[in-house]
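Notes to accompany the following structure.
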Amino acid sequence: MARGSLAVRADRVVDATRARSLGIEALGTTVDATPSRAISLRLFEGHVHRLALLAIAELGVVMLCVYGAVLARFSGFSGAFSAFQATVGPIWPRALLIAGVTLLCLVAMGLYQLRQRARFAGIVARLLIAVLVAEGALSLIFYLAPSLFVGRGVFGLAGIFAFSGLVLTRLAFLRVVDEDIFKRRVLVWGAGARASTIAKRLRRSTDQRGFKIVGHVRAPGDGAGVPDDQVLQFDGDLLHLAVHHQVEEIVVAMDDRRSGFPTQELLECRLRGISVYDVLAFLERETGRVSVELMQSSWFIFSNGFRCNIPRLASKRLFDVVVSIAVLLAASPIALLTAIAIFLEDRGPILYRQIRTGQNGRRFPMLKFRSMRIDAEPDGQAMWARRNDPRVTRVGAWLRRLRIDELPQVLNVLAGQMSLVGPRPERPAFVEELTQAIPYYPERHFVKPGITGWAQVRYGYGSSKMEAQEKLEYDLYYVKHHSFAFDLMVLLQTVEIVLLRIGSR
């Protein structure tokens, strides 16, 4: 079908939309009134993320709680704030410090994940742990920098007030988080097998907190994959359909792009400011993983990310060395007690050296505190660890729960064989097996392996080929997006894994 100028056509759609909102005729066509568009919260090119709003709100709540603690502690004095500032010093920098440390502890407890599936009682428990950890960290800061101390009374009251305020803030957040005002309205171009992966990967309501699918358009060549009640009536005018449903994003998920790819229609929508995504990019953004089953080799070639420049490599190495030295110094008493406990249990070796596959396929001996029997693999053949593995010793069970068995790997980090954050290194036998079974598995070796990683904080322990593929999808996401901020976030969320014993085996 012949088409006119895109600009003229866009203006006609805008005029028609305005006319529908007023319930009048435009361009000689009778149109019906449509609901007013939901308000879209935007910052620059993207949406103001609700978790960013939550973080800002909770930062303000904790700061207000510090002021409330000062007011309560000095309630018997005329001018409580003036009395405090005359005795201790300005309030706001101390309030900001307390709020900032508390916010980091909330991040460490996984409380800024959009797809948080814990019940409210679980969230309250995480809030309590986060506040207690923050109090401990702040006590250390105040010990090292006594000039920042706010006093025992104010400090204690601030912790109680902060916990109460955070619980109320979270309760309010849970009531509004699923409101449509915060969601991007998405139209899917496709109703076949490829489009059905969206519902399969994002099947829970918590998975869909960032968007709302207004419907699907069946594309030429699509098979049966999406229920008919989710397929919209399409008259051949994609721009008109998108404007009618107040669509903000279009996801292209057609089964066969050779069968009538809507280049002109998508171009019109893109020029009207409607974002257009491939289904792989959409799932990557929403799930924090790369869908291996939908991926092609061209994705690696044309996709953004996969940074490998000198500033990034240098900053990552510097961060690894500084943090590893700090961990060695801080954890040396724990390491000494662990070594004694391992030796006393069976008089066996303390450290366990296991060959693993590192960056670019190079092999190296990875160090761990021994947590299994000496004869765990008598024939020398690699075996997957199992839940409640009988080969694990009594001391080893505790080491695995607390992740202390991984502590000697900081020596591997200092030697340059590993990084603090990255895909977990696998044994060569498993790598060969998984390379044959899982597409793109070797690509995870693009970066150094890590003590912890994105797959560890998002998925947990994997001990089968199916689980290895799911972990690979998280590893590839990290390989593509790795940065200093990403590494820091993973390290903070690892605290939650250690404290709540998630994924250990």
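Observations on the model:
- Highest-first arrangement of 308-315, 365-372, 265-272, 471-478, where packing means the average Cβ count within 10 Å: 471-478, 365-372, 265-272, 308-315
- Potential lengthening between Ala72 and Ala193 on full extension [0.36 nm per residue; Cα-Cα distance subtracted]: 37.4 nm
- Placing pseudo-labels 7 Å out from each Cα toward the beta carbon at Arg317 and Ile181 gives an inter-label distance of 5.1 nm.
- Dipole-positive endmost among Phe211, Val247, Gly236 within the range 173-248 (Cβ charges, Cα centre): Phe211
- The P(r) of the range 175-258 has a tail past 22 Å containing 24 percent of all C-alpha pairs.
- Volume of the Cα convex hull of the range 80-169, divided per residue and given in Å³: 94 Å³
- Kirkwood hydrodynamic radius of the range 242-320, Cα pairs, Å: 15.4 Å
- Per-residue packing, averaged as other Cβ atoms within 10 Å, sorts the ranges 57-66, 198-207, 160-169 into the order 57-66, 160-169, 198-207, beginning with the highest.
- Cα-Cα P(r), the range 153-201, percent of pairs per 5 Å interval: 4, 15, 12, 11, 11, 11, 9, 8, 6, 6, 4, 2, 1
- Sum of side-chain charges, Phe142 neighbourhood, beta-carbon under 12 Å (Lys, Arg +1; Asp, Glu -1): +1
- Amide proton proximity set for Ser419, modelled H, under 5 Å, gap of 5+: Gly450, Ile451
- Along principal axes, Cα extents of the range 105-249, largest first, whole Å: 70, 26, 26
- Sites Gln246 and Arg401, calculated FRET efficiency, Cβ-Cβ separation with R0 45 Å, nearest 0.05: 0.35
- Full extension of the segment from Leu174 to Arg285, taken as 0.36 nm per residue of separation minus the current Cα-Cα distance, would add 37.8 nm.
- Close amide H contacts of Thr393 (hydrogens built in the peptide plane, cut-off under 5 Å, sequence separation of 5 or more or a different chain): Met372, Arg373.
- If the segment from Ala145 to Glu432 were pulled out straight at 0.36 nm per residue, it would be longer than the present Cα-Cα gap by 98.1 nm.
Every number here is computed from the coordinates shown, using simple stated rules; none is lab data. Since the structure is predicted, the reported quantities are computational estimates derived from the model, not experimental observations. Note: ideal-geometry Cβ built from the backbone for every residue, glycine included; neighbour counts use all protein chains shown.
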